[in-house]
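A short worksheet on the structure shown next.
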Amino acid sequence: AQELNCQVTVNGQKVTDVDPAIFTTMQTAISEFMNTKAWTGDVFAPEEKIECSMFIFLESTGVQDVYNAKLTVQSSRPVFNSSYSTPLFNYVDNSCQITYIMNQPLEFNATQYTSNLTSILSFYANIIIGLDYESFGKGGGAKYFAMAEQIMNAVPTNAVDAKGWRPFDGQRNRYFLINNILASKYELFRQAIYDYHYAGMDNFYDKPALARQNIRNALDK
C-alpha cells in the first residue's frame, strides 16, 4: 500500500574525491526509502500512487561522508477524466546537508531522530502526501502537515548537519515552509488548493463553466 511513485536522481558531478559508485548506491537507497515505505494507513492501488520526483545535486563539504546538497522536489496529481496532470508542489531546498555512508541502511522513526537524510526525505514525503490529500478534500492534509512538523521538531538543534531546520538558517527553508503551511493566516491558501484542483480542474470534463468560476475563486484566495 505504498503511496508514492517517486523518481529520484542523485547528481554528484561536483564531488571528485570519492568513488562515484556511492552516488548510484545513494540514489537506489533513497528511491527504495521513498517508494517502499507505507506513509499512511490508506490503501493505494498502483495507478493511484502520487507522482513525484526528487533531484539531489551534491557538493563536497571537505568532511568525509558529508555533503552540501540542493534538493528539488516536485509532485503532481491527475485531473479527472483526462490524461493531464496538474502540478501540486515545486520547491527548491538549498539548505540541505546530508551524511551518507555507502550501503548504510536508511532508517526512520517518527518520534526519534535517526539521521538528517531520512528526516529530510520523510519531511518531504509528508508534505507531498499532505498537499495531495488537501487537493481532494478541505483539511485532508492536516495530519501529514502535523507529521512534517513533528519530524522537524525531532531534529536536534546541535546536530552537525541540521542545516535548514531552524529559523536562523535563512528565510526559505523547511522551518518556514511547514510553519507557513500550518499558519492560520494562510488558511485561504490551503482552501485554494482544494478549490483549484478538485472543485476546478476536476470539473472541466462535465461542468466547464463551474470549473472556471471555482478556479477564479481559488486565485482570489
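Go through the residues of the range 87-109 one by one and say whether even a single one is out of contact with any strand residue (DSSP E or B) (no Cβ under 6 Å at 6 or more places or on another chain), within 20 Å of PHE136 (Cα to Cα) and not hydrophobic (A, V, I, L, M, F, W, C).
If we filter the range 87-109 for residues that are out of contact with any strand residue (DSSP E or B) (no Cβ under 6 Å at 6 or more places or on another chain), which is where we start, we get 95, 100-109.
Filter again for within 20 Å of PHE136 (Cα to Cα), leaving none.
Within the range 87-109, not a single residue is out of contact with any strand residue (DSSP E or B) (no Cβ under 6 Å at 6 or more places or on another chain), within 20 Å of PHE136 (Cα to Cα) and not hydrophobic (A, V, I, L, M, F, W, C).
Looking only at the range 134-151, filter to residues that are part of a helix (DSSP H, G or I) and over 13 Å from the mean Cα position of the chain (by Cα); which one of those is surrounded by the most Cβ atoms within 10 Å (Cβ to Cβ)?
Going through the range 134-151, the residues part of a helix (DSSP H, G or I) turn out to be 134-136, 142-151.
Checking which are over 13 Å from the mean Cα position of the chain (by Cα) leaves us with 134-136, 142-143, 146, 150.
Details: GLU134: 25, SER135: 23, PHE136: 14, ALA142: 15, LYS143: 14, ALA146: 14, GLN150: 15.
Looking at residues that are part of a helix (DSSP H, G or I) and over 13 Å from the mean Cα position of the chain (by Cα), I get GLU134.
With the condition kept exactly as written, say whether any residue in the range 172-181 is of a type in the set (A, V, I, L, M, F, W, C) and part of a loop (DSSP other than H, G, I, E, B). Reasoning before the result, please.
Narrowing the range 172-181 to residues of a type in the set (A, V, I, L, M, F, W, C): 176-178, 181.
Okay, now just the ones that are also part of a loop (DSSP other than H, G, I, E, B), so none.
No, the conditions are met nowhere in the range 172-181.
Scan the range 168-182 and report the pairs whose first residue is closer than 16 Å to ASN116 by Cβ and whose second residue is open to solvent by 70 Å² or more (accessible area, probe 1.4 Å), with Cβ atoms within less than 7 Å and a gap of 6+ or a chain change.
ASP169/LYS163
What pairs come out if I take residues in the range 99-114 that are within 17 Å of LYS37 (Cβ to Cβ) and pair them with residues that are among the hydroxyl-bearing types (Ser, Thr, Tyr) and open to solvent by less than 60 Å² (accessible area, probe 1.4 Å) whose C-beta lies under 6 Å away, six or more apart or interchain?
LEU106/THR118; PHE108/THR118; PHE108/SER122
Could you please let me know if TYR113 is open to solvent by 10 Å² or more (accessible area, probe 1.4 Å), within 16 Å of the chain's Cα centre (by Cα) and not β-branched (Val, Ile, Thr)? If you could, list the steps in order and put the result at the bottom.
Numbers: open to solvent by 10 Å² or more (accessible area, probe 1.4 Å): yes; within 16 Å of the chain's Cα centre (by Cα): no; not β-branched (Val, Ile, Thr): yes.
Judged against the criteria, TYR113 is not a match.
Are there any pairs with C-beta distances below 7 angstrom linking a residue in the range 10-36 that is in a helix (DSSP H, G or I) to a residue that is open to solvent by 70 Å² or more (accessible area, probe 1.4 Å) and not basic (Lys, Arg), with the two at least 6 apart or on different chains, and if so which?
What qualifies is ILE22/MET102; THR25/MET102; THR25/ASN103.
Within the range 152-182, track down each residue that is within 15 Å of the chain's Cα centre (by Cα) and at positive phi.
Correct list: GLY164 only.
The values are calculated or read from the model by the stated rules, or taken from the named source; none is laboratory data. Since this is a predicted model, take the numbers as computed values, not measurements. Virtual Cβ from ideal backbone geometry, glycine too; neighbours counted across all protein chains shown. Just the protein is used for accessible areas: all its heavy atoms, side chains included, with ligands, DNA and RNA removed. Shrake-Rupley method; radii C 1.70, N 1.55, O 1.52, S 1.80 Å.
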